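Reviewing the structure listed below.
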Amino acid sequence: MQKVKELFIKYKEIILYIVFGVLTTAVSFVSYAVCTKLIKLQNEIAGIAVANVISWVCAVLFAFVTNKIWVFESKARDVKTILNELWKFVASRLFTGALEWFGVPLLVYLGLNQTIFGIEGMLSKLIVSVAVVILNYVFSKIFVFKKKKTE
């Protein structure tokens, strides 16, 4: 049991990042499901698009709070610093979101259109998703919630 505790302490940040990443995905899916039920527009595709944007905002805000408090343990509590962290967090998520949006079709175009579990282009989706998760972690660690030398 002591060895498990030592491993948890050693890898706490990464473990919590993964746990809250899974929870962020759940927030995204649940908020999307709720929004698709509540938002009824004449154009069904427009309703889905709006629900998707709202679910992305909910997920990013949830990820920001959990990453700030528990994953990277940012001690900043003044409004100016929190807004600065939030801006950097959202900007980095917009960047990696664009990377995912354009990266999957690009890799498919370049020939990575392998089917996995009967889903076309899934290899491209998997590769880009792994890259996005890693980049989100790196951006949060070194750009958004960087520790000051006094912390």
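Does I39 satisfy the condition of being among the aliphatic types (A, V, I, L, M) and at pLDDT 95 or above?
Values: among the aliphatic types (A, V, I, L, M): yes; at pLDDT 95 or above: no.
No; evaluated as a whole, the condition is false for this residue.
State whether one or more residues within the range 115-131 are touching a Gly at 6+ places or on another chain (Cβ under 6 Å), at pLDDT 95 or above and surrounded by 14 or more Cβ atoms within 10 Å (Cβ to Cβ). Quick ask: steps written out before the conclusion?
Going residue by residue through the range 115-131, those that are touching a Gly at 6+ places or on another chain (Cβ under 6 Å) are 128.
Checking which are at pLDDT 95 or above leaves us with 128.
Those left that are additionally surrounded by 14 or more Cβ atoms within 10 Å (Cβ to Cβ): 128.
The answer is yes; a qualifying residue exists.
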Check: Tell me, which helices (runs of 4 or more DSSP H) lie completely within the range 1-77 with 1 or more residues that are within 19 Å of the chain's Cα centre (by Cα)?
Finding: 12-38, 44-66
Checklist line | Filtered residue count, the range 57-89, keeping only those that are within 24 Å of A33 (Cα to Cα), of a type in the set (F, W, Y) and surrounded by fewer than 19 Cβ atoms within 10 Å (Cβ to Cβ) | finding: 1
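Considering the range 82-98 alone, what residues qualify as being without any contact (Cβ under 8 Å) to a residue 60 or more places away in the chain and either closer than 17 Å to K68 by Cβ or in a loop (DSSP other than H, G, I, E, B) (or both)? Walk me through it before giving the result.
The initial filter retains those residues of the range 82-98 that are without any contact (Cβ under 8 Å) to a residue 60 or more places away in the chain, namely 82-84, 86-98.
Passing the criteria: I82, L83, N84, L86, W87, K88, F89, V90, A91, S92, R93.
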Next item on the list: Give me a count of the residues in the range 99-151 that are in contact with a helix residue (DSSP H, G or I) (Cβ under 8 Å, 6 or more places away or on another chain), hydroxyl-bearing (S, T, Y) and part of a loop (DSSP other than H, G, I, E, B).
Entry: 1
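What do you reckon, is V108 in contact (Cβ under 8 Å) with a residue 12 or more places away in the chain, over 17 Å from V53 (Cα atoms) and open to solvent by 40 Å² or more (accessible area, probe 1.4 Å)?
Values: in contact (Cβ under 8 Å) with a residue 12 or more places away in the chain: yes; over 17 Å from V53 (Cα atoms): yes; open to solvent by 40 Å² or more (accessible area, probe 1.4 Å): yes.
When the stated conditions are applied, V108 passes them.
The values are calculated or read from the model by the stated rules, or taken from the named source; none is laboratory data. It should be emphasised that the depicted structure is a prediction, and the values quoted were computed from it without experimental measurement. So basically every Cβ, Gly included, is an ideal-geometry build from the backbone, and we count neighbours across all protein chains shown. Each accessible area value is taken on the protein alone, full model and side chains, heavy atoms only, with ligands, DNA and RNA left out. Shrake-Rupley method; radii C 1.70, N 1.55, O 1.52, S 1.80 Å.
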